[in-house]
Amino acid sequence: MSLSSEVAAFARVVVAQADPQSPVRAKALLFAGGKLGTFGVSVGLELIPEVVLRPSVIERFIVLDGAALGPATRRTLRSNLRALSRAVLENQPPAPMPLSRERSKAPYSPAQIEAYFSLADAQPTPGRARRLGALICLGAGAGLMGADLRGVKGGDVVERSGGVLVCVGGQRPRAVPVLARYHERLLRAAECAGTGYVIGGYSAQRRNVTSALVASVAGGMDLAAIDTSRLRATWLTSCAQGIGLKAFMDAAGIVCTQRLGDLVAALDPLEEAVAVVRLGAAS
């Protein structure tokens, strides 16, 4: 990149003020400062740090001149220019408060799932035992929670394509293969429920069905209350293990799943029988 003497001098001054700790860092900041300085001259700005390194100017540069650059280069340039601005300018506005990212709940271990099934079997009435067992099956065996979980009726649990599926309605209708270890118990619960809701209640719109069922559990003082988010995490972990997701990500060198959604959107859907084998066989 050929710079005018004025732009080159500006870049050297601001980088010196930033005091980079390595030659590599200094080179990166010089490149960014030169790019921004060239942009400043092109739009008639005075080449002084207080003007050119303002956040609004940096954003304008990224939007206009950065449009011709690749996404990774744009992100790196903006990051380096923001670092220069913070290092050089005084009276910077306070940085945005970082917001914590919601983490996935920890999955239950097989032993914990068995403990909850034992608790379900020990309930004082057959109906409560059946509903609590079904809650565990639909959560840890099919990953359902919220409205999807509340809305399952007995007829929505079907045997087909070589496995057991839950036909989910609502906003995201789909057929979910149930993990093999939960088949028998879920089928019994669905048969007993018939045309009613598998985990109880009279309407899928009621929001307290799951919590009321968990709150009504008798015994199990040594067990924490069942958490549907953890049940779903248990299903997700089982499926990921079954399809070799970690091996795939390790082989591809992927540590962030941000782009996987874009890749998956371009894939052809699997036939139901194939999905049952891959997602329903895990235990």
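Read-outs throughout are calculated quantities, based only on the coordinates presented, and are distinct from any laboratory measurement. Since the model is a prediction, treat every value here as computed from it, not as a measurement. Cβ coordinates were reconstructed from backbone atoms using ideal geometry, including for glycine residues, and neighbour counts include every protein chain displayed.
Lys/Arg Cβ at +1, Asp/Glu Cβ at -1, dipole of segment 184-283 taken about the Cα centre: which of Leu231, Leu279, Leu187 is farthest positive-ward? Of the candidates, Leu231 comes out farthest on the positive side. With loop membership from DSSP and a limit of 14 other Cβ atoms within 10 Å, the longest segment of the chain without GluC sites (Glu not before Pro) is 103-270. Which FRET efficiency value, to the nearest 0.05, is calculated for Val43 and Glu90 with the Förster distance at 25 angstrom and r the Cβ-Cβ distance? So the FRET efficiency works out to roughly 0.55. Descending by average beta-carbon neighbour count within 10 Å, the peptides 151-158, 34-41 line up as 34-41, 151-158, the highest first. Relative contact order, whole percent, for segment 121-237 stands at 35, derived from Cα pairs under 8 Å and 6 or more residues apart. Can you match Rg/Rh (Cα atoms, Kirkwood Rh) to one of these, [x] 1.22; [y] 1.02; [z] 0.94, based on a calculation from the structure here? Answer by label: [x]. Given Leu99, Ile113, Pro124, which one lies farthest toward the positive end of the charge dipole of the chain, if we put +1 on the Cβ of every Lys and Arg and -1 on the Cβ of every Asp and Glu? Positive-end residue among those listed: Pro124. From helices alone, the chain scores -16500 deg cm²/dmol at 222 nm; the rule is -39500 (n - 2.57) for each run of n ≥ 4 DSSP H residues, then divide by the residue total.
Which stretch or stretches of segment 121-149 have amide N atoms under 14 Å from the point lying 7 Å from Ala115's Cα along the Cα→Cβ direction? Flagged as within label range: none.
Give, as ranges by residue number, the residues of segment 20-48 whose backbone N falls under 18 Å from the point 7 Å along Cα→Cβ of Ala72. The answer is 25, 28-29, 32, whose backbone nitrogens lie closer than 18 Å to the label point.
Dividing the mean sequence gap of close Cα pairs (under 8 Å, 6+ apart) by how many residues the chain holds gives a relative contact order of 17 percent.
Computed over Cα pairs, the Kirkwood radius of segment 5-88 leads via Stokes-Einstein (0.692 mPa s, 37 °C) to a diffusion coefficient of 264 µm² per second.
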